[in-house]
Amino acid sequence: MTIDHAPAPAGAGLSPEDLAELQLRHRKIRDAMAEQGLDVVLAYGPAWRRENIRYFTDVTPAGSAALVVFPAEGDAVAFSTRPSDLAAFTAQGWVGEARRLDPANPAELGVVLKELAPRRIGIAHHELVPLVLMETIRAAAPGAEVGSATKLLDTARLVKSEWELARMRRSAVVCAAGWEAFVDVLEPGLPEYRIVAEVEARLKNLGAEDNFMLIASGRDEVRGMTPPGDRLLEAGDMVRTELTPKMDGYWLQICRSAVVGKADDGQRKSFDLFNEAVEAGISVVRPGITAHEVAVAENDVFRKYGYGEYCSSNYTRVRGHGHGLHLDETPIIEGNHTVLPENSVFIIHPNTYTPLAGYHVLGDPVRVTADGCEVLITTERKLFETGDVA
Amino acid sequence: MKRGLHVLDPAETSDQEWGDRVAALQKAMAAQGVDVAFVYADVSRSDDLAYLTNLCLYWNEGVLAIPAEGPVTFLTKLSLRVQNWMKASSKVTEFSGGKNFADLVAKYLLGKKNGTIGLVDAALWPADVADEIVAAVPGWQVKRLGSLVREQRLIPSAAETELLRAAGRILDDAAAKATVEGSTAGSRVETVERALRGGGFLDLYPSSLSTSDGVTSFGVTGQYRMNWVYSSRVLGDGASWPAAIKDALTAAIAAAKAGARIGSLAEAAAPALAKLPGGAKAEVRWVNQADLSTSGEFRAQDPAAVLADGEAGAVSVEVAFADGGNAAVAETVRVTEGEPEHLTGAQR
């Protein structure tokens, strides 16, 4: 089935704020395209990596795969495998035209590319484009140089506008509500998966479009986090979660741990260690800091107390990561020298295993400000115990 | 996203059945002259991997290596601590970790006599990964294979059928609760999240469609263990056209019998769909449950294909109105020689 929509110019009917955001994005991408000599950026998005589709269209498609063809001049064309997405694309108004992407016969993509006749194509998420589409792209643009534009889009998305930050602040409010739902439901005998069911229900009622959530329960035998199982909570368990709702396209994460009942000495010592590491990470954030430097600040706390090996590759090395239209952007890890500019957003979470109390999860998302950082969530940073109210 | 219950229960799927699934693939590989087959999976498309191993790929990508004989090996970029959980919750005993699949495949094949490797569902592999693997294993012939694993999944086993029945019951109850009169967009999703994830579903995709005359369709596609069910319902009876698409769905489901062509479902629905407003475009679809994770979007529907006894899937009627509105009704059924068995919908 093909739905015919008369192409309308991108931006027609948008509010002034939305139009300004659209124009800002187009300018950023076109400046980068000019620098790299690209005639077309093609953003590909399988169902688990739709951030660039959202960046160009302000729509998260429901289809299993989507594409945006963004030429150096003229309007973008969006594609989706799902017909109902096409109306959503054009209704939102960020692209002028939407077409069906049929993986078995992607002829319409070929038509659009042939008309553009590009000499150089950059593909965002080039590394994920399936063979069937890559062969279509190459056939439609014979002789064109085809390379990756993943970094180009990642860089463009790194600095958040005020328009984006307003959305991320809404995610922050929902983060807090999700954590409250998490703590509220904890009791001995409850299976892990029922915790997730309750949290998802609360988040979705508040309008969350999605939620990335990992969980683990138990004591010092816990080495990492996963989707939930049927393990039943016991008194004295520490229950950990990374909880990451998505509102209006933007993900934001909160990391906390709670004890079913009262915490023991090991769990308290573990919290103190992780809290000091979070504080250390926050204390160094300023414009121009690198991901490496934030990670070092966190890891130095572990090293100071003799727990440095738990920040190594045998355990968990990542000390946080960027946030935005993707939940896991720039990794905060020693060796990553990416500069974190003003208005970039990332979570500081030194989550790892230690023998003190097993895997511990604690972290806050922050925005880099002109002279430091702003913690984006209001949830108290403490070791929660059953009965606490966030 | 896969945020619900993940279990490995021998009472639901026996060790014998797990072994039979891999053995059947190895037999198909032999028929195509393949010495080692590779199955690619990512977060959004991992059902073949799960079918062979019970692995739950909740993050990132993975490649399963299946030799002509012997145990499978999971090639992963995930760390050891995640591998430990995967080992405990799946049938996989062999893991290999590293930074990229080309190196992992080269390491896996090291010491093996050169032969033919096969990429299962090759057209859907990331082109970069496929190219890198080819470059990393000189001396090996690389063969693009079709959907060998999916083909095994098209007709569920007795154990899978029981799981589908359980899934259908849970989904049906949840959908009925979520679509009561007075429900809101938020309450509908809240209800199905609590009921389905709380009932043991692993994955869940609620969806809402709307039309310019104010009619909402609410659908849920969900995964219970490794099997999928789908139901979509039009809320309210205020407009005339909802009755037409409901009638069309009823007629299409009635036509879903063993031996029937998929095209006959649309033919059965056509009289009811003739009552739709001018300019509306309707599509009647059959999506085998093995393809529901992607709503069948990676498979072109062949009207000449014939439904098999025991096959389970969703019958849907999807309508796009000329003004951009959309609606969909769907239920999941199991095909038999006689009346189809309703897994969702008629259980109300």
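Select from region A:30-119 those chymotrypsin sites (Phe, Trp or Tyr not before Pro) which occupy a DSSP coil region and have at most 11 other Cβ atoms within 10 Å, ordered by residue number.
Counting only loop positions with at most 11 other Cβ atoms within 10 Å, none of the chymotrypsin sites (Phe, Trp or Tyr not before Pro) in region A:30-119 qualifies.
Where only protein heavy atoms count, and the probe is 1.4 Å, what is the accessible area per residue for region B:249-348 in Å²?
Numbers: 3630 Å² over 100 residues.
I get 36 Å² per residue for region B:249-348.
Hey, any idea what % of chain A's accessible area is carbon plus sulfur with a 1.4 Å probe?
Result for chain A: 49 percent of the exposed heavy-atom area is carbon or sulfur.
Treating the angle as unsigned and between 0 and 90°, give the value, to the nearest 10°, between the Cα long axis of helix A:107-116 and the longest Cα principal axis of chain A.
The angle comes out at about 70 degrees.
Pull out a ≥ b ≥ c, the square roots of the eigenvalues of the alpha-carbon gyration tensor of the protein assembly as shown, then state rounded if a/c is under 1.5, prolate if not and a/b is larger than b/c, and oblate in the remaining case. Let's see the in-between values first.
Values: a/c = 1.30, a/b = 1.22, b/c = 1.06.
Verdict is rounded for the protein assembly as shown.
Normalised radius of gyration for region B:286-348, please: alpha carbon Rg relative to 2.2 N^0.38 Å, two decimal places.
Normalised by 2.2 N^0.38 Å, the Cα Rg of region B:286-348 equals 1.23.
Amide H of B:Arg45: which non-local residues (sequence gap of 5 or more, or other chain) have their own amide H closer than 5 Å, using H built in the peptide plane?
none
For A:Leu214, which sequence-distant residues (separation of 5 or more, or a different chain) have an amide H within less than 5 Å of its own amide H, given hydrogens modelled in the peptide plane?
A:Glu242
For A:Ile333, what charge total do you get from the other residues with a beta carbon under 13 Å from its beta carbon, if Lys and Arg give +1 and Asp and Glu give -1?
-3
Out of A:Ile195, A:Met134, A:Val146, whose Cα points farthest toward the positive end of the dipole of region A:119-267 (charges: +1 Lys, Arg; -1 Asp, Glu; placed on Cβ)?
Checked the options; the winner is A:Val146.
With a 1.4 Å probe and all protein chains kept in place, how do A:His26, A:His323, A:His292 rank by accessible area, largest first?
Working: A:His26 30, A:His323 0, A:His292 50 Å².
From most exposed to least exposed: A:His292, A:His26, A:His323.
With both partners inside chain A, how many of the DSSP beta bridges are antiparallel, as a percent to the nearest 5?
Details: 46 of 60 bridges.
The antiparallel fraction comes to roughly 75 percent.
Counting only heavy atoms of the protein chains, get the accessible area per residue of region A:205-302 (1.4 Å probe) and round it to a whole Å² value.
31
Exceeding 24 Å between C-alpha atoms, which entries from my cross-link table qualify? They are A:Lys151/A:Lys304; A:Lys204/B:Lys77; A:Lys262/A:Lys382; A:Lys269/A:Lys304; B:Lys27/B:Lys143.
On the way: A:Lys151/A:Lys304 36 Å; A:Lys204/B:Lys77 31 Å; A:Lys262/A:Lys382 13 Å; A:Lys269/A:Lys304 14 Å; B:Lys27/B:Lys143 16 Å.
Table pairs above 24 Å Cα-Cα are A:Lys151/A:Lys304; A:Lys204/B:Lys77.
Can you work out ³J(HN,Hα) from phi for every residue in region A:350-364, in order, using Karplus 6.51 cos²θ - 1.76 cosθ + 1.60 and θ = phi - 60°, giving whole Hz and x for Gly and Pro?
Once θ is set to phi - 60°, the couplings for region A:350-364 become x, 4, 6, 8, 9, x, 4, 8, x, 4, 10, 10, 7, x, 10 Hz.
Considering Cα pairs under 8 angstrom that are at least six residues apart, work out the relative contact order of chain A and quote it in whole percent. Spell out each step's value before the answer.
Values: 876 pairs, mean separation 53.2, N = 390.
In percent, rounded to a whole number, it is 14.
Compare the Cα positions of A:Pro365, B:Ser79, A:Phe56 along the charge dipole of the protein assembly as shown (+1 at Cβ of Lys, Arg; -1 at Cβ of Asp, Glu; about the Cα centre) and return the one farthest towards the positive end.
Result: B:Ser79, furthest along the dipole toward the positive end.
Long-range amide H contacts for A:Leu340: which residues qualify at under 5 Å (H placed 1.01 Å from N, peptide plane, sequence gap of 5 or more or a different chain)?
A:Gly288, A:Ile289, A:Thr290, A:Ala291
Suppose we compare each residue of region B:2-43 in its chain alone and in the full protein complex with a 1.4 Å probe; which ones drop by at least 30 Å² of accessible area?
B:Arg3, B:Leu5
To check you understand DSSP bridge types, tell me what percent of the beta bridges within region A:1-157 (both residues inside) are antiparallel, rounded to 5.
Given both bridge residues lie in region A:1-157, the antiparallel proportion sits at roughly 50 percent.
Output the 0 to 90 degree angle, nearest 10, between the alpha-carbon long axis of helix A:162-185 and the longest principal axis computed from the alpha carbons of chain A.
Approximately 40 degrees, to the nearest 10.
Count the net charge of all other residues whose Cβ sits under 11 Å from the Cβ of B:Arg285, scoring Lys and Arg as +1 and Asp and Glu as -1.
Details: positive: B:Arg299; negative: B:Glu283, B:Asp291, B:Glu297, B:Glu318.
Net charge around B:Arg285: -3.
Find the relative contact order for chain B and round it to a whole percent, using C-alpha pairs within less than 8 Å whose residues are 6+ positions apart.
It comes to 15 percent, rounded to a whole number.
Between B:Gly198, B:Gly345, B:Leu235, whose Cα lies farthest towards the positive end of the dipole of region B:194-348 when Lys and Arg beta carbons carry +1 and Asp and Glu beta carbons carry -1, centred on the Cα centre?
B:Gly198
For region B:77-226, what proportion of DSSP beta bridges, expressed in % and rounded to the nearest 5, is antiparallel?
Percent antiparallel among DSSP bridges in region B:77-226 is about 70.
When only C-alpha pairs under 8 Å and at least 6 residues apart count, what is the relative contact order of region A:66-124, in percent?
It rounds to 26 percent for region A:66-124.
Under a 1.4 Å probe, what is the accessible area of region A:143-197 per residue, stated in Å²?
Here the residues of region A:143-197 average 37 Å² of exposed surface.
Around B:Ala41, with a cut-off of 14 angstrom between Cβ atoms, what is the net charge of the other residues, counting Lys and Arg +1 and Asp and Glu -1?
Summing Lys/Arg as +1 and Asp/Glu as -1 gives -1.
Provide the buried accessible surface between chains B and A in square angstrom, both chains summed, 1.4 Å probe, rounded to the nearest 100.
For B against A, buried area totals roughly 4200 Å².
Subtracting the Cα-Cα distance from 0.36 nm times the residue separation, let me have the gained length for A:Glu145 to A:Glu115 in nm, one decimal.
9.2 nm
For region B:121-171, what % of the accessible area comes from carbon and sulfur atoms, probe 1.4 Å? Mind dumping the intermediate values first?
Working: 1100 of 2040 Å².
C and S atoms contribute 54 percent here.
The values are calculated or read from the model by the stated rules, or taken from the named source; none is laboratory data. Bear in mind the structure is a predicted one, so any value in this text is a computation, not a measurement. Ideal geometry is used to build each Cβ from the backbone, glycine not excepted, and the neighbour counts take in all protein chains shown. Remember, those area values only see protein heavy atoms, side chains included, never the ligands or the DNA or RNA. Shrake-Rupley method; radii C 1.70, N 1.55, O 1.52, S 1.80 Å.
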